[in-house]
Structure formats: structure tokens, C-alpha cells
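Beneath this line is the structure, given in C-alpha cells, with notes to follow.
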């Protein structure tokens, strides 16, 4: 496929990709950004497109993966507190209730207890806390879905038992 053919096929999909981006983001501006980023990635990685394969599916996969990666990045960004960010209060919604300052100590204790766990339990639990779904964890760790669910369940129980003084925070 020549560069001109590639560009023409990409431009022919603009409307359909925009509708797909809207269905993913539910926001016109975000959909435009997602569409632009998808085009940029498609053009950047044009050499990765395998001839005689489904071009439309390749572009849609780029858009879907871009959306998922952006979503995960945004979730992680909202969870981070940095000392250098003076506008950190802007990262948080005003309609949420935030923990009291003394609860940061308990968070430290909880993280310490999680890190002391056996890696068979710690890794799936941390992935779950990062926002991965059970199925994604199972695929990533090459474990049966039931095993992942039970390890996360038992990790919660272990944490609740180890951190009995904070058990009111779990309920």
C-alpha cells in the first residue's frame, strides 16, 4: 500500500472513527482529541500495518487501545499527590469526601502490610487496586479467572485480619 492509498483509506474512515470515539468518550472534545491521537499513531506506525490485513480493524484497535491507555493514565493521575503541585486541589472533585490527615498514617500501614504479602497474592491485588479488571489480571498473569478472584478475596481477608485496628475503614 502506498502512502497516498494509506492516507486516503484513513481519511475515508474519519466519520466512522469519530462516531466510535464519541461512543467511547461520551464527550465531543475528548472524541476529537482521541481521533487526532489515533490518526497520529496510525501515521507514525504506518510501517507496522501488515499488507493484506483488515485496515479498518487495525485503526479501530489503535483507537480502542489509545482510549484504554488514556483512561488508565487518568485514573492513576487522579490518585497521585505530588508535593510539587501547588494546584493539587484541582485534581479532586469537590463533591467527594476526602480522608482526614490522620488517615494517611493508616494508608502507609496498609501499603506496608500489602508489600509484606507473598507475591502470589500481592501482584494480583496491586493490579486490582490499579484498576485492572479480574479478566485482565487473569490474562496478564496467565492464571484462571477463579484463582485471581479468590486470591484478591483472600488478600482482603488477610489485610482485614492484619490491620484489625483499621477494620472500620474497610466497612
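The values are calculated or read from the model by the stated rules, or taken from the named source; none is laboratory data. Note that this is a predicted model, so its numbers are computed, not measured. Reconstructed Cβ throughout: ideal geometry from the backbone, glycine too, with neighbour counts over all protein chains shown.
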| remark: Within the range 13-31, residues surrounded by 12 or more Cβ atoms within 10 Å (Cβ to Cβ) and over 19 Å from residue 71 (Cα atoms) come out as 13, 16
| task | Return yes when residue 34 is within 22 Å of the chain's Cα centre (by Cα), closer than 26 Å to residue 131 by Cβ, without any contact (Cβ under 8 Å) to a residue 24 or more places away in the chain and surrounded by 15 or more Cβ atoms within 10 Å (Cβ to Cβ) and no when it is not. | result | no
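Results for (1) touching a helix residue (DSSP H, G or I) at 6+ places or on another chain (Cβ under 7 Å); (2) under 30 Å from residue 9 (Cβ atoms); (3) at pLDDT 65 or above, shown as yes or no for each residue.
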site	(1), (2), (3)
89	no, no, no
101	no, no, no
118	no, no, yes
127	yes, no, yes
163	yes, no, yes
166	yes, no, no
171	no, no, no
| query | For the range 11-70, how many residues are in a loop (DSSP other than H, G, I, E, B) and over 25 Å from residue 1 (Cβ atoms)? | reply | 2
